[in-house]
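Structure first, commentary second.
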Amino acid sequence: MHTDPNCIFCKIVAGQIPSRKAHEDEQLLAFHDIAPWAPVHVLIVPKQHIESLADVGDDDAELMGRMLTLAPRLMKQLGVSNGFRTLINTGKDGLQEVPHLHMHVMGGPRPWTKG
Ligand code: AMP
């Protein structure tokens with residue numbers, strides 16, 4: 001599996017940086033965002049290092065499907081019952097800060113601090 005030793009999310013996947021985990025399986029990790037916009041704000045990341053959505057190809061279709069289908073399951077588990085937002089920032093103009101593909105999933109009662 002491709003990983004990047006300098007990548008903060010690869011370090012979280014490896015357990016070298018602590019995180020509040022919400023889900024883990026062979027391919028994916030979900031953990032709570034350190035600066036949440038909403039009462040529930042998790043990041044779903046592939047364990048392998050993919051820099052951004054711009055680097056995804058046909059071979060990643062199953063992985064991307066898994067990321068997307070995990071979102072509603074996680075929100076349900078975390079008690080979110082009134083809808084949620086999903087967001088993938090991609091590249092510089094997409095305001096991606098961490099160069100490891102991740103999907104924000106945010107929910108819970110409003111008002112939120114952002115978004
Ligand atoms: P983006 O702008 O889409 O790249 O978002 C990166 C997200 O990662 C931001 O919402 C940050 O708050 C979050 N983040 C950065 N470092 C950590 C960390 N160590 N643990 C949890 N979330 C983090």
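What the table shows:
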quantity: Nearest-ten-degree value, helix 61-77 long axis tilted from longest Cα axis of the chain; calculated: 30
quantity: Spin-label pair residue 17/residue 58, simplified geometry with 7 Å Cα→Cβ offset, distance in nm; calculated: 3.5
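Coordinate-derived values only; no laboratory data. None of the values given here were measured: they were computed from a predicted structure. Every residue, glycine as well, gets a Cβ built from its backbone with ideal geometry; the counts of neighbours run over all protein chains shown.
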